[in-house]
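**Student:** Here it is: the structure, laid out below.
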Amino acid sequence: MLNKMILGAAVVATLAGAAPLTPAFAADGKVFRIGILGGENEADRLRNYQCLSDHVSKTLGAEVKLFPAADYDGVIQGLLGGTLDAAELGASGYAKVYLTDAKAVDPVLTTEQTDGSTGYHSIMIARKDSGIATLAESKGKTLAFADPDSTSGYLIPTVTLPKDLGMPVAEFYSKTDFAGGHEQVVLAVLDKKFDVGVTWTSGVGDFKDGYTSGNLRKMVDKGALDMKDVVELWQSPLIPNGPWVVTNTVPAEEKAKFVELLTGLPKSDPACFEAVEGGEYKGFVKVTPEFYEPIFAARKAQIGG
């Protein structure tokens, strides 16, 4: 059964807002709030974003607060509720925001892979010692998803996998459930809590390195994963890279400064750019809502909209 992870009480109070909702960034308050999606442990997320926080504070002349939500919906609701100013979302998370309120945020930038593409892939892995070497051999096993609002960790597998399986995902596997994030998916597979799991990857470069970017690469880089311990069973078609979004309550001048900062970050501070994005990319490119229309359609189909 698919059980949605529940936000901790402290995060709910912070993001949903214990006080009356007001625009998060205001000229008098000078506090810029950045949401960080769940998916890896909180300490790592805060450490990776600290350099960006410092740059934003200097650029906007504002205090910056980072909010690492326990799950994707924490950031989504913060953006919709007006308690966050900016965040980097997955394509499905952005689709949820857009389909709820198309004017709540503007997508401004997305990442460009080292090969020039602006997409990534969902990838299914299994332990190498599990005896599962192909997608067909995973039939009847247990499958870990990442998060209900994850593009590669839930939406795309549920939409595209049935074509390769020949039947709905729920019929092919004996059990599916949410692990709570992308890093948690891989750890759950390694710990034998699930037989297989889906996460995200650039699909560019070598599998032995965890590819050039994505969750596998991030885990390899911090010593949490040895690629020799896992095998790849499946990759999805190309998925649009998720956008950095800024809420429409942020004044135009500050918004422009923030976008300019992000755009130049790959050259001005490559180490910070890599820490925030989790791997190797060429940089950022501009993006509009039209880029995500296939994800809007997939999300509507999934929920019967």
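The values are calculated or read from the model by the stated rules, or taken from the named source; none is laboratory data. On a predicted model such as this, the values are computed, not experimentally measured, just so you know. Note that each Cβ is placed from the backbone with ideal geometry, even for glycine, and that neighbours are counted across all protein chains shown.
**Student:** Is region 224-235 home to any residue that is assigned to a loop (DSSP other than H, G, I, E, B), modelled with pLDDT under 95 and under 19 Å from the mean Cα position of the chain (by Cα)?
**Tutor:** Checked against the condition, which is being assigned to a loop (DSSP other than H, G, I, E, B), modelled with pLDDT under 95 and under 19 Å from the mean Cα position of the chain (by Cα), region 224-235 yields no hits at all.
**Student:** If you don't mind, another one. How many of the residues making up region 105-120 are outside any strand (DSSP E or B) and closer than 12 Å to Leu89 by Cβ?
**Tutor:** Here the count works out to 0.
**Student:** Then there is this: Pick from Ala104, Ala43: which is small (Gly, Ala, Ser) and touching a residue at least 12 places away in the same chain (Cβ under 8 Å)?
**Tutor:** Ala104
**Student:** What residue, among those in region 136-153 that are outside any loop (DSSP other than H, G, I, E, B) and within 18 Å of Lys193 (Cα to Cα), is nearest to the chain's Cα centre (by Cα)?
**Tutor:** If we take residues in region 136-153 being outside any loop (DSSP other than H, G, I, E, B) and within 18 Å of Lys193 (Cα to Cα), then Gly153 is nearest to the chain's Cα centre (by Cα).
**Student:** Determine which member of the set Val245, Val220 is modelled with pLDDT of 95 or more, surrounded by fewer than 21 Cβ atoms within 10 Å (Cβ to Cβ), under 18 Å from the mean Cα position of the chain (by Cα) and aliphatic (A, V, I, L, M).
**Tutor:** Val220
**Student:** Could you tell me whether any residue of region 214-236 is among the polar types (S, T, N, Q), closer than 19 Å to Val276 by Cβ and touching a residue at least 12 places away in the same chain (Cβ under 8 Å)?
**Tutor:** yes
Condition check ((1) under 15 Å from the mean Cα position of the chain (by Cα); (2) buried (at least 19 other Cβ atoms within 10 Å of the Cβ); (3) more than 29 Å from Leu187 (Cα to Cα)) across all residues:
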site	(1), (2), (3)
Glu42	yes, no, no
Arg47	no, no, no
Ser53	no, no, no
Leu66	no, no, no
Ala69	yes, yes, no
Val75	yes, yes, no
Gly78	no, yes, no
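**Student:** Something else now. Could you run through region 126-135 and say how many residues are in a helix (DSSP H, G or I) and either in contact with a His (Cβ under 9 Å, 6 or more places away or on another chain) or surrounded by 15 or more Cβ atoms within 10 Å (Cβ to Cβ) (or both)?
**Tutor:** 1
**Student:** While we're looking at this one, here's another question. If only one of Val259, Val276, Val250, Val285 is in contact (Cβ under 8 Å) with a residue 60 or more places away in the chain and assigned to a strand (DSSP E or B), which one is it?
**Tutor:** So the residue among Val259, Val276, Val250, Val285 that is in contact (Cβ under 8 Å) with a residue 60 or more places away in the chain and assigned to a strand (DSSP E or B) is Val285.
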